[in-house]
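Presented below is the structure to which this report refers.
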Amino acid sequence: MENFLSCDWGVTSFRLRLVDTQRLEIIAEERSNEGIAKTFEAWKQGGRAEKDRAGFYLEIIRAHVDALQKKASCNLHQLPLILSGMASSSIGIIELPYKEMPFSADGSDLELRVMGNDNVFDEVVIVSGAKTTREVMRGEETQLVGCFDSEKDGEEMIFVFPGTHSKHVLVKGGKAVDLKTYMTGEFFRLLSEKSILSTSIQAREHFGANEHRKSFEDGVRTGAKTNLLQSSFQIRTNDLFGTMTGEENYFYLSGLLIGTEIKELMASNNVKITLVCNQELAPFYEAAFNVLNPQNSTLAIIDADGAAVKGQYKIYQRVLNEK
């Protein structure tokens, strides 16, 4: 097997990748906003029977395979397809039960479903999520598998997966034993777009000047030591009193929320922390860790897309070995 198809299907996004199995590098990629929620709604509106749901979802993937073929300039039929994320949810291709934590961080005991081949795919492998008694995740478990080094089974590690709902996973003795969810990204969107604070904020995606970084770092420090319900109102007074511009407030709010999210991690002395992140969020989280613990030499940073691909490949190797 020289290549495989990697699909990370989220609530609002769809990502299909052609992956080189030798180097585990992404050769070509197709992205769209056809997330699971949008696809599920289209399936419901179509009035199809439940037994036809998997076929409906796979039709959408096949259309993206055709688009990916044009980018890659090669035939992509009869490759294995590995899916993670919301594909295994109640609104996905097929609902699979969550794996109860603890589970092996190498992915050897995650819940899977292998579907037979057809005229496009050699076979389809769907990876399920994981849960504790109060927390759930779908997608991050596969990224964790891609990050985990089995040679470090004895170490205690925390893996941080930033996003709309950030996940913090504690690994001990080679097993993922605990999970915490932080609604950091969703709170940022709600506060910056829907609340009274929205009129005091002007969006800016990247650190554009020193004052932006300073505003972010001030927010991180404040978020780490205050009550967010009180400190967030400072966005309003910053505007009223003219102490910050709308752009500076944007970064200050981001810092407040990220500082609130990661402040508990600062008490995890000598525990290796791995940030599994995309290129957009990595600078913010790395800066926040540096603000709260500038001497922290235990922080590692891994690309989230690469982790997902490696995790899917490791899981598929298990499928092949079990045949």
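Descriptive notes on the structure:
- At q = 0.08 Å⁻¹, base-10 log of I(q)/I(0) for the chain (Debye sum, equal scatterers on each alpha carbon): -0.41
- With Cα atoms as the point set, the stretch 184-303 shows a radius of gyration and Dmax of 14.1, 42 Å.
- Between the C-alpha center of the stretch 1-59 and that of the stretch 160-215 there is a gap of 26 Å.
- Debye log10 I(q)/I(0) at q = 0.19, 0.22 Å⁻¹ for the stretch 1-139, Cα point scatterers: -1.17, -1.44
- Springs join every pair of Cα atoms under 10 Å in this Gaussian network model of the chain, and among SER104, SER89, SER195 the largest mean-square fluctuation is at SER195.
- Sequence-distant aspartates and glutamates (8 or more away, or on other chains) whose Cα lies within less than 16 Å of LYS38: ASP8, GLU59
- Inter-part distance where the stretch 110-137 and the stretch 242-267 are each reduced to a Cα centre, Å: 37 Å
- Kirkwood Rh in Å, taken over the stretch 1-71 so that all alpha-carbon pairs contribute: 13.0 Å
- Of ASP305, ASP178, ASP52, the residue with the greatest mean-square motion in the GNM of the chain, using alpha carbon springs below 10 Å, is ASP52.
- Acute angle (nearest 10 degrees) that the helix 282-292 long axis makes with the longest principal axis of the chain, alpha-carbon atoms: 40 degrees
- Calculated on alpha-carbon atoms, Rg and Dmax of the stretch 82-204 in Å: 17.4, 54
- Across the chain, the relative contact order, built from alpha-carbon pairs under 8 Å that are at least six residues apart, equals 15 percent.
- Ordering 272-284, 8-20, 197-209, 254-266 by mean Cβ neighbour count within 10 Å, with the highest value first, yields 254-266, 8-20, 272-284, 197-209.
- Lysine pair count for the stretch 184-303 (Cα-Cα distance under 24 Å; residues 8 or more apart in sequence or on different chains): 5.
- Candidate aspartates and glutamates for bridging to LYS175, where Cα separation is under 17 Å - those fewer than 8 sequence places away on the same chain excluded: GLU100, ASP106, ASP109, GLU111, GLU135, GLU140, GLU141, ASP149, GLU151, ASP153, GLU155, GLU156
Bear in mind these aren't lab numbers, they're just calculated from the coordinates by the rules spelled out. Being a predicted model, the structure only gives us computed values, none of them experimental. We place every Cβ from the backbone using ideal geometry, glycine too, and count neighbours over all the protein chains shown.
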